[in-house]
Amino acid sequence: MRIIVCVKQVPSEGRVRVDPQTGTLVRDGRFSVINPFDLAALETAVQLKERFGGCISVLSMGIPATAELLRDLIARGADDAVLLTDRLFAGADTLATSYTLSLGIQSLGGADLILCGRMAVDGDTAQIGPELAETLDLPHVCNVAEVLETSEQAITVRALEDGGSVVLRMALPGVVTLAREAAQPRFPSIAGLRRGWNAEIQRLDAAALCADSARTGRAGSPTRVVRTFTPEHAAAEPPAVLSPEEAALRILNLWKEAGGND
């Protein structure tokens, strides 16, 4: 089985910074980690490989420094990693990102199964998986908590819904997005760490992908962050200790001030 796992570099907790001019996250490679949902997707891929054989490619779009994080994913069981990196990709929203990732998948020759984390913790949109599937014209299932059965033709999963879950069967090739509870990421072994350290991370730019510059980065992003700000909160008044009679009178006065009638 040929599996491609799409992953994203995100700021570590408490290290999120926004560029006030562009409204986009500052991604300089410092204090960054692989999106936790994507780690669950990778672990799911490794478990499927252990059961059915095949190979796993990790695919990411990001700055050059992302390559070092991808080595950790090879240490955890991926066979190889590809980084899509180019200044033309900067400032992409989910639509432009999905387009660029689809080109990366096509450059790898496609896959039987494409796995993504349900969402990225720095954006929480949960849009990449479905948009990627639509771009590639593939079926998809989102928010999967468990893979129940897999064959060359189809995959059966348990997907989470409001108030419960549902069992679905999807024909392959297709796209699946994973919930964090789908799998507990394993720690890399010593042999895995050596393999990741020595791995060559393939880098592809816009020219190598034959990307349409009008569909990548900020140019290809129809959504814009108009303004970002930190909410200001007035200091809360200390709670008043009132007798039942005083409390009733206070409520009555507030009601009258709000236009209430006697």
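The values are calculated or read from the model by the stated rules, or taken from the named source; none is laboratory data. Keep in mind that what you see is a predicted model, and the values were worked out from it rather than measured. Using ideal geometry, Cβ is built from the backbone for each residue, glycine included, and neighbour counts are taken over all protein chains shown. With ligands, DNA and RNA removed, areas are computed over all heavy atoms of the protein, side chains included. Shrake-Rupley method; radii C 1.70, N 1.55, O 1.52, S 1.80 Å.
Results, tabulated for the structure shown:
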quantity: Candidates per GluC sites (Glu not before Pro) in the stretch 170-262, loop by DSSP, up to 16 other Cβ within 10 Å; calculated: GLU200, GLU232
quantity: Added length on full extension, which subtracts the Cα-Cα distance from 0.36 nm per residue, ARG186 to GLU134; calculated: 15.6 nm
quantity: Within a Gaussian network of the chain (alpha carbon springs, distance under 10 Å), most fluctuating of PRO244, PRO11, PRO173; calculated: PRO244
quantity: Most mobile listed residue (ARG250, ARG51, ARG76) in the chain, GNM with C-alpha springs under 10 Å; calculated: ARG250
quantity: Which label in (i) 1.03; (ii) 1.14; (iii) 0.93 gives the computed Rg/Rh (Cα atoms, Kirkwood Rh); calculated: (ii)
quantity: Label-to-label distance, nm, for residues given as ALA234 and SER213 (7 Å Cα→Cβ offset); calculated: 5.2 nm
quantity: The stretch 112-178: GluC sites (Glu not before Pro) falling in loop per DSSP and having at most 12 other Cβ within 10 Å; calculated: GLU152
quantity: Accessible solvent surface per residue of the chain, calculated while the other protein chains remain in place, 1.4 angstrom probe, Å²; calculated: 57 Å²
quantity: Centre separation in Å (Cα based) which lies between the stretch 132-174 and the stretch 217-261; calculated: 43 Å
quantity: Backbone N within the stretch 193-221 under 11 Å of label point (7 Å from ALA90 Cα along the Cβ vector); calculated: 218
quantity: Gaussian network model of the chain, Cα within-10 Å springs - most flexible of LEU42, LEU209, LEU132; calculated: LEU209
quantity: Rounded percent of accessible protein surface that carbon and sulfur make up, the stretch 57-142, 1.4 Å probe; calculated: 51 percent
quantity: Given charges at beta-carbon only (K, R positive; D, E negative), |dipole| of the stretch 29-146 in Debye; calculated: 240 debye
quantity: Summed side-chain charge close to SER107 - residues other than SER107 whose Cβ falls under 15 Å, Lys, Arg +1, Asp, Glu -1; calculated: -2
quantity: Summed side-chain charge close to LEU160 - residues other than LEU160 whose Cβ falls under 10 Å, Lys, Arg +1, Asp, Glu -1; calculated: -2
